[in-house]
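All remarks here apply to the structure that follows.
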Amino acid sequence: MVKINKFLSFIRIILKNPSLVNLILNSRIEAENKFKEYYTPIVALPQIDIEELSYEVPGTIESFLLDGSSLITDLQLLVTIAGRKEVNSYLEIGTWRGESVHNVAKLIDDCTTINLSKKEMLSMGWNPKYVEQHGILSGKNPKILHLDANTKTFDFSSLNKKYDLIFIDGDHSYEMVLHDTKKVFEHLVHEHSIVVWHDYAYNPQNIRYEVFRAILDGTGKENHPYLYHPKNTMCAIFIKNKLPVSVFDEMNIPERLFQIEIKQQPFSKNPL
Ligand SMILES: C[S@@+](CC[C@H](N)C(=O)[O-])C[C@H]1O[C@@H](n2cnc3c(N)ncnc32)[C@H](O)[C@@H]1O
């Protein structure tokens with residue numbers, strides 16, 4: 001009886017506000033079910049240690065440590081790759097406050113970012129205070145070319161260039177991660193390019209299955225053997241090296257303890 005009553009009140013709520021159905025359709029459970037439908041028996045990417053990507057893992061990272069900031073280890077991953085001697089150009093899809101490209105630009109002189117224009121964001125009804133914060137950390141850096149564009153309509157071939165490191169961190173819906181990934185692999189990668197996706201996971205132990213599915217669909221089966229999940233990050237990485245891996249287990253007992261020395265300094269707004 002309790003179950004029937006619950007079901008009836010559920011129907012009443014949905015009838016009053018049909019858009020609540022989206023909460024179910026976009027739920028984590030539904031995303032995981034859909035993933036399993038297509039990709040069973042795959043459950044996660046194999047994991048690697050960040051040290052596998054470079055002998056020198058940089059110690060200093062700058063971050064606002066706010067909502068929307070990447071994890072310190074995500075930024076550490078990007079900077080570690082940026083420190084490889086053969087990595088000299090960087091393309092980023094999705095630049096909010098500019099923390100990721102700001103850190104990378106300390107090591108790479110040739111950085112390009114693609115982000116929606118402020119006009120387009122405002123026309124979509126986004127909070128003006130959110131919009132205003134785009135590029136506050138990266139905007140005035142002469143090493144960084146900020147392109148205003150919607151990747152949905154952007155002509156990627158117009159860049160006429162291949163990049164050593166590409167970071168996909170724009171719209172995280174299945175459709176847009178798929179779109180951005182396909183465009184990147186079609187137009188921007190060379191034989192040794194490294195591609196990193198943010199939000200492969202909600203946190204280092206919880207996979208975001210709609211993004212994972214888009215990465216697998218967008219890269220194509222032939223590239224799946226080169227996909228990894230760097231431990232302690234929310235990222236997935238494509239690198240055409242065979243690296244030592246371990247199996248993902250969200251209940252693993254932690255194997256390392258990070259020491260983080262925190263320093264802070266005042267920051268004054270420096271918009272695009
Ligand atoms: C999670 S934030 C990126 C954070 C960034 N890595 C940083 O450190 O600033 C995602 C960004 O993607 C942008 N974005 C969303 N959809 C986009 C699209 N279709 N084309 C270009 N940029 C988009 C948003 O404006 C937002 O700034």
Count of the stretch 139-171 residues which are away from the ligand (no atom under 15 Å from the Cβ), open to solvent by 30 Å² or more (accessible area, probe 1.4 Å) and not basic (Lys, Arg): 3
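So which helices (runs of 4 or more DSSP H) are wholly in the stretch 19-89 and hold at least 1 residues that are open to solvent by less than 60 Å² (accessible area, probe 1.4 Å) and free of Cβ contacts under 8 Å to residues at least 40 places away in the same chain? Steps first, answer last, please.
Details: elements: 21-25, 28-39, 72-82.
Filter on the stretch 19-89 gives 21-25, 72-82.
State all residues of the stretch 189-218 that are part of a strand (DSSP E or B) and either modelled with pLDDT under 95 or acidic (Asp, Glu) (or both); if no residue qualifies, say none. Even if it seems obvious, please write down each step before you answer.
Taking the stretch 189-218 first, the residues part of a strand (DSSP E or B) are 189-197, 201-203, 206-207.
Correct list: 191 only.
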Conditions (1) under 20 Å from the mean Cα position of the chain (by Cα); (2) within 16 Å of the ligand (Cβ to nearest atom); (3) among the charged types (D, E, K, R): number failed by residue 240: (2)
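Among the residues of the stretch 242-261, which ones are in a loop (DSSP other than H, G, I, E, B), over 23 Å from residue 59 (Cβ atoms) and not charged (D, E, K, R)?
Residues of the stretch 242-261 in a loop (DSSP other than H, G, I, E, B): 242-245, 247-261.
Still in the running and over 23 Å from residue 59 (Cβ atoms): 242, 244-245, 247-253.
Matches in the stretch 242-261: 244, 245, 247, 248, 251, 252, 253.
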Within the stretch 22-42, considering residues that are within 19 Å of the chain's Cα centre (by Cα) and not small (Gly, Ala, Ser), the one nearest to residue 216 (Cα to Cα): 35
Quick count over the stretch 174-214, residues being under 22 Å from residue 43 (Cβ atoms) and within 16 Å of the ligand (Cβ to nearest atom), is 17
Is it fair to say residue 200 is hydroxyl-bearing (Ser, Thr, Tyr), in contact (Cβ under 8 Å) with a residue 12 or more places away in the chain and surrounded by fewer than 22 Cβ atoms within 10 Å (Cβ to Cβ)? no
Got a number for residues in the stretch 12-29 being over 14 Å from residue 210 (Cα atoms) and among the hydroxyl-bearing types (Ser, Thr, Tyr)? 1
Residue 98 versus (1) more than 24 Å from residue 193 (Cα to Cα); (2) within 19 Å of the chain's Cα centre (by Cα): which is the lone unmet condition? (1)
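Are any of the residues in the stretch 7-20 closer than 27 Å to residue 207 by Cβ and either modelled with pLDDT of 85 or more or away from the ligand (no atom under 12 Å from the Cβ) (or both)?
Of the residues in the stretch 7-20, the ones closer than 27 Å to residue 207 by Cβ are 19-20.
Filter once more, keeping what is either modelled with pLDDT of 85 or more or away from the ligand (no atom under 12 Å from the Cβ) (or both): 19-20.
Yes, there is a match, as at least one residue in the stretch 7-20 is closer than 27 Å to residue 207 by Cβ and either modelled with pLDDT of 85 or more or away from the ligand (no atom under 12 Å from the Cβ) (or both).
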Can you name the residue in the stretch 102-115 that is touching a residue at least 40 places away in the same chain (Cβ under 8 Å) and closer than 17 Å to residue 171 by Cα and, of all such residues, is least open to solvent (accessible area, probe 1.4 Å)? 114
Cβ-Cβ below 7 Å, separation at least six or inter-chain, first residue in the stretch 122-140 and more than 30 Å from residue 106 (Cβ to Cβ), second surrounded by 17 or more Cβ atoms within 10 Å (Cβ to Cβ): which pairs? 122/131
Conditions (1) in contact with a His (Cβ under 9 Å, 6 or more places away or on another chain); (2) over 23 Å from residue 180 (Cβ atoms): number failed by residue 118: (2)
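Quick grid of which residues meet (1) within 12 Å of the ligand (Cβ to nearest atom); (2) under 24 Å from residue 57 (Cα atoms); (3) in contact with a Pro (Cβ under 8 Å, 6 or more places away or on another chain):
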residue	(1), (2), (3)
76	no, yes, yes
86	no, yes, no
93	yes, yes, no
97	yes, yes, no
104	yes, yes, no
109	no, yes, no
117	yes, no, no
122	yes, no, yes
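The values are calculated or read from the model by the stated rules, or taken from the named source; none is laboratory data. These numbers were taken from a predicted model, which means no experiment stands behind them. Virtual Cβ from ideal backbone geometry, glycine too; neighbours counted across all protein chains shown. What goes into the accessible areas is simple: the full protein's heavy atoms, side chains included, and nothing from ligands, DNA or RNA. Shrake-Rupley method; radii C 1.70, N 1.55, O 1.52, S 1.80 Å.
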